[in-house]
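What follows draws every value from the coordinates through simple rules; no lab data is involved. In this text the structure is predicted, and so the values were computed from the model without any measurement. Here Cβ is always computed from backbone atoms with ideal geometry, including for glycine, and neighbour counts include all displayed protein chains.
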Amino acid sequence: MTGVLLALPGLMAQLLSGAALLAGVLTLATTRKPTLALSVFLDLLTAAGLLRLVGDPSWQSIATAAVIVALRHLIGFGLRIGARNWTTSTQDAGRSGPRPGMVVDRLLRPAWRR
Amino acid sequence: MEELLEDVVNALVSIVEACGAAVIIIGAVWAFARFVWVGLRRRDTSAFVPVRLTLGRFLALGLEFQLASDVLRTAVAPSFRELGQLAAVAAIRTALNYFLGKEIAEERRQVAEETKGARTGSGSTSAHGSSDPA
């Protein structure tokens, strides 16, 4: 009973990590939204991290789960801040000055094609 | 007597942890299947939100089981090393449970706002439509 309890969650945690990567890539490919793909990836990765804590966890698996949880919130916070800044700068650019796309076009396009 | 108590508690811990693991596994497998389905069929950002909400609920329920097993384990934790590990695991699980609860509430609020906005939009559209003489 205890052997199965230790072996099965470990195996499922590895499978779920692979599934998380697959789901994240699929989400990115179909929606082209990195934020959403990252959220999906981290959600399933959290489930895998929780499964690693079942039974008698080592310090390494405890640290891994803690890092995943911390990373998840850090990345989420960073993305929210980034999205807010992007929205604000887009609104500002709409009021005065060129669009961000125009600036990138100007920077990337060679001078002879302007 | 003490050994008997330890055996009973260990058996209970195994059962409760197995229940928690089963809940997490079922939720994760279901969510993965839904993510693939939604990704391939609908390709809509809003379609992912209910799946993430349900996965969050599954994880929170599994965490509750695992926290219950942690509480049971404190009955028979002889060494400081085991107690330290138990405290670390319980802290991670409690923090994650707290944050999951907040995330679920936040996403639920967003879904409710979007639904309300959609209803208001369709309501105003229908109002315009009814006032249209044509």
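Quick one: if you stick a label point 7 Å off each Cα along the C-beta vector at B:A11 and B:A68, how many nm between them?
In this crude spin-label approximation the distance works out to 1.7 nm.
In peptide A:16-27, what is the residue-averaged number of other protein chain Cβ atoms found within 10 Å of each Cβ?
On the way: counts 6, 0, 1, 7, 4, 0, 3, 9, 1, 1, 6, 7.
The shielding value for this peptide is 4.
For B:L86 paired with B:E2, estimate the spin-label separation in nm (one decimal), with each label point 7 Å from Cα along the Cα-to-Cβ line.
Distance between label points: 1.5 nm.
Rank-order B:54-60, B:42-48 by packing density, defined as the average count of other C-beta atoms within 10 Å over each peptide's residues, highest first.
Details: B:54-60: 20.1, B:42-48: 14.7.
My ranking of the peptides, most packed first, is B:54-60, B:42-48.
How are the C-alpha pair distances of the range B:2-117 spread across 10 Å bins, as whole percents from the shortest bin up?
Here the calculated profile for the range B:2-117 is 13, 33, 28, 15, 8, 2, 0.
For n ≥ 4 DSSP H runs only, could you compute -39500 (n - 2.57) per run for chain B, divide by its residues and tell me the 222 nm figure to the nearest 500?
Helices in chain B give a 222 nm mean residue ellipticity of -33500 deg cm²/dmol.
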